[in-house]
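The values are calculated or read from the model by the stated rules, or taken from the named source; none is laboratory data. All figures in this text were calculated on a predicted structure; none of them were measured in a lab. Quick reminder, even Gly has a Cβ in these numbers, built from the backbone with ideal geometry, and neighbours come from all protein chains shown. Keep in mind that these areas ignore ligands, DNA and RNA; they rest on the heavy atoms of the full protein, side chains included. Shrake-Rupley method; radii C 1.70, N 1.55, O 1.52, S 1.80 Å.
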Amino acid sequence: MASASADAPIACPLCGSASGDPWRETSGVYRHCSQCDLVSRDPSTWLDAEAERAYYGTHDNRIDDPGYQRFLAQLAEPLMARLSPGARGLDHGCGAAPALAAMLTDAGFPTVGYDPFFAPNAALLDVRYDFVTCTEVLEHLHDPRRELARIDAMLQPGGWLGLMTELRPPMADFPHWHYHRDPTRVGFHSEASLHWIATRFGWRVESVGRRVTLLRKP
Ligand SMILES: [Zn+2]
């Protein structure tokens, strides 16, 4: 599956610097960036768009599933505790079942959902919001620099960005980590890479947890 390009230096998809030497796991070929600390899946082992869409179609998340709602509450609860009453938001990458948007809307924070595969209403990306959420999205972005810049443009001053992605363990533990076995995941973040993002966009890091990170645009 690997092509000759896997051996050539390529740019880190987050910070753009020449990323480290590639290595192979059973789940794909990876690089570890020494500048921003992102581990990225080499594009030679990405799924194509059709296979990616088919893979997402196998997810069995339902909008009214209590287990899924509890999972999303890990982000929704600390975010809602910080929002002004009536704050309006976008759930970016809401998938086929926009459960988080429904939870936030029901709680008094009107939220719309966008998803490139399942809810591709691009007009929603031209609006400014009090908050944007990305649950289990960051690790799927092929071009995180561009997507994060787009999110920055959508945030009002003082706006919140809630990210949910599982933090990468120390590199020695990477081979045994379950997270990269999902072939649609292409970017694996550490606390350091999330701080790199915050610095790059001038956002303040409000909190970083094993799954949930809250950032605020000044
Ligand atoms: Zn980098």
Point to revise | Rel. contact order, % - alpha carbon contacts under 8 angstrom, at least six apart, the range 46-174 | key: 22 percent
Practice item. Please give the length that would be gained between LEU124 and GLU191 if that part of the chain were fully extended, namely 0.36 nm times their separation in residues minus their C-alpha to C-alpha distance (nm, one decimal). Key: 21.2 nm
Revision key, fill the gap. Scanning the chain, every Cys lacking a C-beta partner under 4.7 angstrom -> CYS94, CYS134
Review point. Taking amide hydrogens as modeled 1.01 Å from N in the peptide plane, which residues meet the under 5 Å criterion relative to CYS94, leaving out close sequence neighbours?
Key: TYR114, ASP115
Revision key, fill the gap. The answer for trypsin sites (Lys or Arg not before Pro) in the range 65-166 that fall in a DSSP coil and have at most 13 neighbouring Cβ atoms within 10 Å is ARG128
Revision key, fill the gap. Rounded to a whole %, the carbon-and-sulfur portion of the accessible area of the range 4-216 at a 1.4 Å probe is 52 percent
Review point. Stretch ARG70-ASP173 to full length: gain in nm at 0.36 nm per residue minus the Cα-Cα span?
Key: 34.3 nm
Exercise for review: Assuming R0 = 30 Å, can you tell me the calculated FRET efficiency for the pair ASP48 and GLU77, based on Cβ-Cβ distance, to the nearest 0.05?
Suggested key: 0.20
**Study point:** Between 0 and 90°, nearest 10: helix 191-201 axis offset from the chain longest Cα axis
**Key:** 70 degrees
Exercise for review: Go through ASP60, ASP182 and list them by solvent-accessible area, largest first, probe radius 1.4 Å.
Suggested key: ASP60, ASP182
Revision key, fill the gap. The answer for GLU206, listing residues at least 5 apart or on another chain whose modeled amide H is closer than 5 Å to its amide H, is LEU214, LEU215, ARG216
Review point. Quick one: what do you get for the range 41-102 if you divide its Cα Rg by 2.2 N^0.38 Å?
Key: 1.43
Review point. If one computes the Cα centroid of the range 129-149 and of the range 166-203, what distance in Å separates the two points?
Key: 13 Å
Practice item. Using θ = phi - 60° and the Karplus relation 6.51 cos²θ - 1.76 cosθ + 1.60, list the HN-Hα couplings for the range 81-91 in order, rounded to whole Hz, with x at every Gly or Pro. Key: 5, 9, 7, 6, x, x, 3, 10, x, 10, 9
Exercise for review: Could you please tell me the mean projected area of the C-alpha convex hull for the chain, averaged over all directions and given in square nanometres to one decimal?
Suggested key: 11.5 nm²
Exercise for review: Quickly estimate the mean residue ellipticity at 222 nm for the chain, helices only: each DSSP H run with n ≥ 4 gives -39500 (n - 2.57), and the total goes over all residues, rounded to 500.
Suggested key: -7500 deg cm²/dmol
Practice item. Note the per residue figure in Å³ for the convex hull of the C-alpha positions in the range 106-216. Key: 122 Å³
**Study point:** For ARG31, net neighbour charge (Lys/Arg +1, Asp/Glu -1) across residues whose Cβ lies under 10 Å away
**Key:** -1
Point to revise | Estimated vicinal HN-Hα couplings, Hz - the range 132-144 in sequence order (Karplus 6.51, -1.76, 1.60; Gly, Pro = x) | key: 10, 10, 9, 9, 6, 10, 3, 6, 9, 6, 6, 10, x
